[in-house]
1. Divide, for the stretch 1-100, the radius of gyration over alpha carbons by 2.2 N^0.38 Å, where N is the residue count.
2. Net charge near Pro52: determine it from the other residues with C-beta under 12 Å of the C-beta of Pro52, scoring Lys and Arg +1 and Asp and Glu -1.
3. Might you tell me the accessible area per residue for the chain, computed with a 1.4 Å probe and given in Å²?
4. Note down the magnitude of the dipole of the chain about its Cα centre, charges +1 on Lys and Arg C-beta and -1 on Asp and Glu C-beta and zero elsewhere, to the nearest 20 debye.
5. Share of the chain's accessible area from carbon and sulfur, percent, 1.4 Å?
6. Residue by residue through the stretch 96-104, what is 3J(HN,Hα) from phi via Karplus (6.51 cos²θ - 1.76 cosθ + 1.60, θ = phi - 60°)? Round to whole Hz and write x for glycine and proline.
7. Under 10 Å, Cα contacts only: if you run a Gaussian network model on the chain, which one of Gly131, Gly88, Gly118 comes out with the highest mean-square fluctuation?
8. When the chain is treated as a GNM, springs tying every alpha-carbon pair under 10 Å, which of Ile85, Ile74, Ile145 comes out with the largest mean-square fluctuation?
Amino acid sequence: YWNLDGSPSTDGQRLQVLADSFLPVDAAGLPAAPAPVAGTRLDLREAQALGPDDRFDNNFCLAGAARAPALAAILTGRRGVEMRIVTGAPGLQVYVGAGIGTSPWPGHGGLAYGPRAGVALEPQFWPDAPGRPGFPPILLTPGTIWRQRTEWHFARPGLDHAARPALL
């Protein structure tokens, strides 16, 4: 879970996900066929502020198969701290943490975490891929080597952007 401000919730932090489609889920929570993000609250192709009404827990479709690492998402805190995720995974699960509640157990700083205390950004293959022939293949056969590369890049306010490393 990520919270770039250390505040009680991620409300107001901005999220951008570079995906044109996502996997809606049915009543049982199983993914359906990819659907366009256009015209939905899940259209995060341009950065959007997270808010108290957000409840999504969806896989964003970054590509139709594993790929060379590319920029997948950018999370920006209210004070400008920025995290970029570069990955070769074809999907990115985004959960805004609406169901978080750790009370009475404390987290960092001795305080319990409440709803939206952090956002999960999980590069992955598409869920239920073994049962979905049209999804990117996830089968790993004996003797096959599998690697997935994911990088997290951070920047802080005031950092000369020209001095930042180039991102894929």
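1. Relative to the rule-of-thumb radius for its length, the stretch 1-100 sits at 1.06.
2. Within the 12 Å Cβ shell, the charges total -1.
3. With the other protein chains kept in place, the chain gives 55 Å² per residue.
4. 360 debye
5. Looking at the chain in its full context, I get 58 percent from C and S.
6. 7, x, 4, x, 5, x, 9, 4, x
7. Looking only at Gly131, Gly88, Gly118, the biggest GNM fluctuation is shown by Gly131.
8. Per the Cα network of the chain with a 10 Å cutoff, Ile145 tops the list.
The values are calculated or read from the model by the stated rules, or taken from the named source; none is laboratory data. Because the structure is a prediction, the values reported are computed rather than measured. Don't worry about glycine lacking a Cβ; one is built from the backbone with ideal geometry, like all the others, and counts go over all protein chains shown. We work out accessible area using only protein heavy atoms, side chains counted, and drop any ligands, DNA or RNA first. Shrake-Rupley method; radii C 1.70, N 1.55, O 1.52, S 1.80 Å.
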